[in-house]
Amino acid sequence: MARDSANSISTEDLLKAYTLGYFPMARSREDASVVWVLPDERGVIPLNAPHIPKKLARLLKKEPFEIRINSAFPEVILACAEATNARPDTWINDAIIEAYSELHYQGRAHSVECWREGRLVGGLYGVVLGAAFCGESMFSRESGASKIAMLHLMARLKIGGFHFIDAQFFNEHLVQFGLVGMDDADYQVILEKALKAHANFFAAPDQLSADLVLQSITQTS
């Protein structure tokens with residue numbers, strides 16, 4: 001379901017929408033307006049039971065990328081908005097780029113980035129809301145980069161006391177990380193609990209070894 005569209009988004013309205021379970025999307029990269037979306041089925045990665053695929057764990061141990069936190073947020077969101085062969089258009093328009101960039105400057109939105117030889121080759125970004133991390137988008141310019149960024153995000157969030165990652169929609173690609181689907185009523189319950197809780201995105205150091213990432217994710221609560 002969607003609400004009325006608007007051509008710009010204030011950060012106050014954006015954060016308020018998140019507390020109600022809504023998030024903005026554009027119909028295309030070039031569309032000036034956005035719609036506010038509340039999915040009937042939500043995709044959520046509970047951080048008390050995340051999962052690491054064995055093949056991806058082996059790649060992680062090789063530490064193929066340098067991981068940075070918040071060093072290039074504007075570049076990350078622009079990369080997520082780029083058209084690719086697999087994704088000829090995106091839902092990230094200029095209004096969304098501007099609003100989330102402002103949230104980043106306010107300390108509410110963060111990026112996890114994969115770098116190789118001084119080049120940004122993958123990453124993701126999202127918004128912190130209490131003990132919830134609202135994941136927005138990810139990209140890869142090298143094989144496995146966005147998945148490695150996801151593992152580092154999951155470890156960082158577990159260390160920081162977060163409850164779950166809101167992936168917005170149920171996506172088969174994210175099931176490998178422990179994604180589950182839930183209806184909106186159930187999502188509102190866990191969201192309310194997360195909004196009342198405290199978590200710290202920076203409890204973990206900027207640099208996490210592969211062993212610490214694996215240990216943090218697989219550790220049971």
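In terms of distances greater than 28 angstrom between alpha carbons, the cross-link table entries K16/K158; K54/K196; K158/K193; K62/K196 yield K54/K196; K62/K196.
Here the relative contact order of the chain, from alpha carbon pairs under 8 Å that lie six or more residues apart, stands at 28 percent. With the Cα gyration tensor of the range 92-221 giving a ≥ b ≥ c as the square roots of its eigenvalues, does the rule (a/c under 1.5 for rounded; else a/b larger than b/c for prolate; else oblate) give rounded, prolate or oblate? It comes out rounded by the Cα gyration axes. Each of the peptides 66-76, 90-100, 121-131 was scored by the mean count of other Cβ atoms within 10 Å over its residues; in descending order, highest first, they stand as 121-131, 90-100, 66-76.
In the range 34-126, Cα pairs under 8 Å separated by at least six residues give a relative contact order of 31 percent.
Could you compute how much accessible surface S146 exposes when probed at 1.4 Å, giving the result in Å² to the nearest 10? Probe radius 1.4 Å; accessible area of S146 about 10 Å². With N the number of residues in the range 81-138, Rg(Cα) / (2.2 N^0.38 Å) evaluates to 1.23. Put a plus charge on the Cβ of each Lys and Arg, a minus charge on the Cβ of each Asp and Glu, and nothing anywhere else: the dipole of the range 84-207 about its Cα centre is then about 480 debye.
By the rule of a C-alpha distance below 17 Å, with chain neighbours fewer than 8 residues away ignored, the lysines paired with K61 are K147. Could you compute how much accessible surface E82 exposes when probed at 1.4 Å, giving the result in Å² to the nearest 10? In the full protein context, E82 sits at about 90 Å². For the range 174-221 and the range 88-141, what is the separation of their Cα centres, given in Å? Using only Cα atoms, the two centres lie 17 Å from each other.
DSSP beta bridges fully contained in the chain are about 90 percent antiparallel. Between R27 and K62, residue separation times 0.36 nm minus the direct Cα-Cα distance comes to 8.7 nm. Of the peptides 204-212, 101-109, the ranking by mean beta-carbon count within 10 Å, highest at the top, reads 101-109, 204-212. Solvent exposure of the range 76-221 amounts to 43 Å² per residue of accessible area, where only protein heavy atoms count and the probe is 1.4 Å. Atom-type composition of the exposed protein surface of the chain places 50 percent of the accessible area on carbon and sulfur (1.4 angstrom probe). Specify whether the C-alpha gyration tensor of the range 132-208 places it in the rounded, prolate or oblate class, a ≥ b ≥ c being the square roots of the eigenvalues: rounded for a/c under 1.5, otherwise prolate if a/b is larger than b/c and oblate if not. Since a/c reaches 1.5 but b/c is at least a/b, the shape of the range 132-208 is classed as oblate.
With viscosity set to 0.890 mPa s at 25 °C, what whole-number translational diffusion coefficient in µm²/s follows for the chain from Stokes-Einstein and a Kirkwood radius over Cα pairs?
140 µm²/s
Dividing the summed -39500 (n - 2.57) terms of all DSSP H runs of n ≥ 4 by the residue count of the chain sets its mean residue ellipticity at 222 nm at -10000 deg cm²/dmol. Only the Cβ atoms of Lys and Arg (+1) and of Asp and Glu (-1) were treated as charged; on that basis the dipole of the range 1-155 about its Cα centre amounts to roughly 900 debye.
Under the 0.36 nm per residue contour assumption, what length would be gained going from the current alpha-carbon distance of N200 and N48 to full extension?
53.1 nm
The values are calculated or read from the model by the stated rules, or taken from the named source; none is laboratory data. Computed from a predicted structure; not experimentally measured. Cβ coordinates were reconstructed from backbone atoms using ideal geometry, including for glycine residues, and neighbour counts include every protein chain displayed. These area figures cover heavy atoms from the full protein model, side chains too; ligands, DNA and RNA do not enter into them. Shrake-Rupley method; radii C 1.70, N 1.55, O 1.52, S 1.80 Å.
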